[in-house]
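This report refers to the structure that appears directly beneath it.
The values are calculated or read from the model by the stated rules, or taken from the named source; none is laboratory data. Computed from a prediction, not measured in an experiment: that's the story for all the values here. Reconstructed Cβ throughout: ideal geometry from the backbone, glycine too, with neighbour counts over all protein chains shown.
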């Protein structure tokens, strides 16, 4: 079947009416035709990504929006769409991290965020806590060191460092940490 401009209009109307599954079907068919004709459209691909996101599959949405960005890396609209999609992946990641039984899902979602440069300090914090739940203190410490390099004044990260020290039995710096917290100073500000 050959798609024409009215099909794009129909797909967009379905999209505007929140009928994402139906719109997605048409957008994918239009995309496949455009690939066959060597006339790939980044905007059609963006709508595919948005439909997947609204249908609750932000991982597929991320694949499609990355494709749109690769076709037109200077389009700010694609970057804004990617921000929304990756924020949804971050929410899924945070939710999954609440249950230790979801460890494969947590690692998979974190990997997607990491590979796409979307790991923010809140995701690092959640992942450090998840490593600690799994008693992977070395991995937690490595990520914490990275987080503190980027955010050396973050009190939550500093508290996590003292918790990891306690869990590992390393109490040599603990008195300094507790004293500095009591005086509301950071450990390196005392010297």
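Specify which of the listed residues (53, 83) is within 27 Å of residue 93 (Cα to Cα), modelled with pLDDT of 95 or more and surrounded by 14 or more Cβ atoms within 10 Å (Cβ to Cβ).
Exactly one residue qualifies, and that residue is 53.
Please specify each residue of segment 94-112 satisfying the condition of being crowded, with 21+ Cβ neighbours inside 10 Å and under 23 Å from residue 46 (Cβ atoms).
Correct list: 109 only.
Determine if segment 114-123 includes at least one residue that is in a loop (DSSP other than H, G, I, E, B) and either in contact (Cβ under 8 Å) with a residue 40 or more places away in the chain or touching a strand residue (DSSP E or B) at 6+ places or on another chain (Cβ under 6 Å) (or both).
yes
Buried (at least 20 other Cβ atoms within 10 Å of the Cβ), closer than 27 Å to residue 57 by Cα and in contact with a helix residue (DSSP H, G or I) (Cβ under 8 Å, 6 or more places away or on another chain), is that true of residue 78?
Criteria met by residue 78.
Does residue 146 satisfy the criteria of being over 21 Å from residue 167 (Cα atoms), in contact with a helix residue (DSSP H, G or I) (Cβ under 8 Å, 6 or more places away or on another chain) and in a helix (DSSP H, G or I)?
no
Limited to segment 140-191, what total is found for residues that are surrounded by fewer than 15 Cβ atoms within 10 Å (Cβ to Cβ) and modelled with pLDDT of 85 or more?
Residues meeting the conditions: 10.
Assess whether residue 130 counts as being in contact (Cβ under 8 Å) with a residue 24 or more places away in the chain and under 20 Å from residue 159 (Cβ atoms).
Yes, satisfied.
Consider residue 73 carefully, then state whether it is in the same structural domain as residue 43 (by TED's automatic domain parsing) and at pLDDT below 95.
Against the criterion (in the same structural domain as residue 43 (by TED's automatic domain parsing) and at pLDDT below 95), residue 73 qualifies.
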